[in-house]
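Report on the structure given below.
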Amino acid sequence: MSFSSMLGFLFRSASTSVVLDLVDSGLPSVTHWGADIGPLDPSTLRALVVGGVETPGNSAVDQAVRVSLLPEAANGWLGKPGLSGSHAGKNWSPQWSVFDIQFNGSPIAVPEGSATSPTVEVHTAEAGTLTASARDALGVLELVLVVEVSVEGVIRTRALLRNLSSDPYQLEELTVSYPIPSAAGEVLDFAGRWAHERTPQRRPITVGTHRREGRTGRTGLGAATLLIAGEPHFGFRTGETWSLHTAWSGNHIHQVEKVFSGVQLLSGGELLLPGEINLAQGETYESPWVYGVYGAGLDDAANRLHRDLRSRPQHPKSDRPMTLNVWEAVYFAHDLATLTELADVAATIGIERFVLDDGWFGSRRDDTSGLGDWVVSPEVWPTGLTPLISHVKSLGMKFGLWFEPEMVNLDSDLARSHPEWIMATGAQLPPESRHQQVLNIGIPECYAYIRDAMCAVLDAHDVDYIKWDHNRDLVDAGTLPTGTPGVHEQTEAYYRLLQELKERYPGLEIESCASGGGRVDLGAIQLTDRVWGSDNSDPIDRQSINRWTTQLLPPELIGAHIASKTNHITGRSHSLAFRAITALFNHLGVEWDLR
Ligand code: DGJ
């Protein structure tokens, strides 16, 4: 492999090393991601890079094929390229040239060298950021790759793609890739459905692609959650593992690909619908963060993620309040006297947060009606919510309130007055799910309406906590009147709304719930404080759901509740001890008519 200059960046801490390198003006590649390799000198870097590329063989391109964070067909990579898109069929295989490199905020000059006398330079840090900006050979596209490595050795990368041409650029897919060593022979990921989230599945890695597509418009009850490659038979405390997570709450991809030469990559990114991203001149697409976590076994990988999340400034610092969620106590049967009595009993057993669930607004007396009408129902709350909230506060508890901001029942004032805000591809509405349709908060007027309706409730009441629900998959989720795909916009709007509420109400905590544990991802958790693990609180099932959810999130961010003796989903009966010990290992709560 011949080259003129090579730059290496070693991030070394917590018994791991990550080495990124740039050869000549090529995009950065991951040369090493795994156990600590010690200090790195230029000759070792050179040996690692040169030894890490395939040797050109018969019936193959004559140059060494380097696989970058965004694998490029133009370099001879014959697996799935990192970027797919074009200007109406042109510029579909860009040749990138890096023109700016920043390492922990300082510019790095590419060292002078020649093919006969190449220059190799190594920069080392415990943790930090490498940013590489590149332009394609025709000057029609610009790409910025931002790679962060934390003190826990957790990598995350995002790409920013800008169209410089006056022709629109149709982006089809952008995935970030991390190579994994040939020692990784198996992959574990997750499947699932309602009440059975994060069901593990495991298979050997063979030539071809194991691609998990999330097409539900939300993270999903059956989301892959993590793709964990590892040495055969890896376990909680055995075998090396390399995990990938796409931090995105809309349509997304987790993939492992092995090409016939043996090279294997973990890749992640957003799944885009046809024509969903069309970049006009000067417009930029920002990919989700794609995480990579090395671990000496599953527990080590989980611990690194947990410590990484705990180091965030927004990570909940206070002891997690023991929560009573009233859903399984009263369902839709809201009544001040009943709920006041429930609050009284709750306070006597040490409940610290009282959450009023679905049913307090509009005509929402069951799940067929009222969704979208965020006004306190005079029918069930003739004196408003304040008497209950004041009572809860007088007992020393915090108060939480349920919302499902991105949804609407057709039988609602909102749907009647704004049918054009329902997501659909044309005149025919998508099939209903739980009697509801998706409200298109990607439409600015609709977004403003929902935000203002929520703020009106939050301004008028002393609310410490929102349980934010999302109870259906997105099907045929287009923006009317054209019907063009709207999932990307919807996901961006969801994050924007969370952000706006967090800024406007300092200290407000938000729970991420979607038909149970359908919104568990590192995109949502940056703006929320807890996930609801599952609607299934039967401890036999919940032991497994909790265990696998902690592969991504620390236990204090996962809500788990002690429910009634006979479980409302499975019908099985369990002792209080078994129900309680199961919930205690996470953010403890109660979901039960304590009266
Ligand atoms: C689904 C949630 O997972 C439940 O906890 C409850 O909030 C219901 N929605 C309310 O409709």
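The values are calculated or read from the model by the stated rules, or taken from the named source; none is laboratory data. Bear in mind the structure is a predicted one, so any value in this text is a computation, not a measurement. Virtual Cβ from ideal backbone geometry, glycine too; neighbours counted across all protein chains shown.
Listing for the model above:
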| read-out | value |
| --- | --- |
| All positions within the range 1-23 that are of a type in the set (S, T, Y), under 19 Å from G153 (Cβ atoms) and part of a strand (DSSP E or B) | S13, T16, S17 |
| Matching option when the condition is more than 21 Å from L522 (Cβ to Cβ), crowded, with 24+ Cβ neighbours inside 10 Å and touching a helix residue (DSSP H, G or I) at 6+ places or on another chain (Cβ under 8 Å), among V293, V330, V326 | V326 |
| Residues of the range 496-533 that turn out to be within 11 Å of the ligand (Cβ to nearest atom) and on the phi < 0 side of the Ramachandran plot, as a count | 10 |
| Helices (runs of 4 or more DSSP H) contained in the range 285-369 and holding at least 2 residues of a type in the set (V, I, T) | 336-348 |
| Leading residue by the ranking (farthest from the ligand (Cβ to nearest atom)) among those in the range 454-470 that are hydrophobic (A, V, I, L, M, F, W, C) and within 19 Å of P321 (Cβ to Cβ) | L458 |
| Enumeration of residues in the range 30-73 that are among the polar types (S, T, N, Q) and in a loop (DSSP other than H, G, I, E, B) | T55, N58, S59, Q63, S68 |
| Selection status of G26, in a loop (DSSP other than H, G, I, E, B), under 33 Å from the mean Cα position of the chain (by Cα), in contact (Cβ under 8 Å) with a residue 60 or more places away in the chain and farther than 30 Å from G239 by Cβ | yes |
| Criterion violated by T566 - all others in (1) among the hydroxyl-bearing types (S, T, Y); (2) within 16 Å of the ligand (Cβ to nearest atom); (3) in contact with a strand residue (DSSP E or B) (Cβ under 6 Å, 6 or more places away or on another chain) satisfied | (2) |
| Members of the range 411-445 found to be small (G, A, S), more than 12 Å from L474 (Cβ to Cβ) and at pLDDT 95 or above, listed by number | S412, A415, S417 |
| Count of the range 242-295 residues which are touching a His at 6+ places or on another chain (Cβ under 7 Å) and of a type in the set (D, E, K, R) | 2 |
| Pick from the range 333-367, criterion buried (at least 21 other Cβ atoms within 10 Å of the Cβ) and among the charged types (D, E, K, R), ranking: farthest from D529 (Cα to Cα) | R364 |
| Lone unmet requirement of (1) assigned by TED's automatic domain parsing to the domain that holds G268; (2) β-branched (V, I, T); (3) out of contact with any strand residue (DSSP E or B) (no Cβ under 7 Å at 6 or more places or on another chain) for V61 | (1) |
| Residue match in the range 297-312 (condition: over 29 Å from I228 (Cβ atoms), more than 16 Å from the ligand (Cβ to nearest atom) and more than 20 Å from the chain's Cα centre (by Cα)) | no |
| In the range 386-397, residue farthest from the ligand (Cβ to nearest atom) [restricted to those that are in a loop (DSSP other than H, G, I, E, B) and aliphatic (A, V, I, L, M)] | L395 |
| Any hit, the range 93-112, residues being in contact with an Asp or Glu (Cβ under 7 Å, 6 or more places away or on another chain), assigned to a loop (DSSP other than H, G, I, E, B) and farther than 26 Å from S13 by Cβ | yes |
| Which numbered condition V408 fails, given (1) under 25 Å from A477 (Cα atoms); (2) touching a residue at least 40 places away in the same chain (Cβ under 8 Å); (3) buried (at least 22 other Cβ atoms within 10 Å of the Cβ) | (2) |
| So T383, is it over 23 Å from E500 (Cβ atoms), more than 16 Å from the ligand (Cβ to nearest atom) and not assigned by TED's automatic domain parsing to the domain that holds A514 | no |
| Residue check, D473 farther than 16 Å from W402 by Cβ, acidic (D, E) and within 16 Å of the ligand (Cβ to nearest atom) | yes |
| Residues located in the range 313-328, provided they are within 16 Å of the ligand (Cβ to nearest atom) and either farther than 21 Å from A583 by Cα or not hydroxyl-bearing (S, T, Y) (or both) | L324, N325, V326, W327, E328 |
| In the range 92-121, the residues that are farther than 22 Å from L70 by Cα, hydrophobic (A, V, I, L, M, F, W, C) and surrounded by 14 or more Cβ atoms within 10 Å (Cβ to Cβ) | V120 |
| Flag for E500 being surrounded by fewer than 20 Cβ atoms within 10 Å (Cβ to Cβ), in contact (Cβ under 8 Å) with a residue 24 or more places away in the chain and touching a helix residue (DSSP H, G or I) at 6+ places or on another chain (Cβ under 8 Å) | yes |
| Answer residue from the range 200-221, given it is closer than 21 Å to Y495 by Cα and assigned to a loop (DSSP other than H, G, I, E, B) and is nearest to the chain's Cα centre (by Cα) among those | T219 |
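Table: residues versus (1) touching a Ser or Thr at 6+ places or on another chain (Cβ under 7 Å); (2) among the aliphatic types (A, V, I, L, M); (3) in contact (Cβ under 8 Å) with a residue 40 or more places away in the chain; (4) under 18 Å from V18 (Cβ atoms).
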residue	(1), (2), (3), (4)
I37	yes, yes, no, yes
P42	no, no, yes, yes
E54	yes, no, yes, no
N58	no, no, no, no
V61	no, yes, no, no
L69	yes, yes, yes, yes
L83	no, yes, yes, no
N91	no, no, yes, no
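Yes/no matrix, rows are residues, columns are (1) in contact (Cβ under 8 Å) with a residue 40 or more places away in the chain; (2) over 21 Å from R547 (Cα atoms); (3) among the aliphatic types (A, V, I, L, M):
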| position | (1), (2), (3) |
| --- | --- |
| T225 | yes, no, no |
| I228 | yes, no, yes |
| H233 | yes, no, no |
| W242 | yes, no, no |
| G250 | yes, yes, no |
| V263 | yes, yes, yes |
| D308 | yes, no, no |
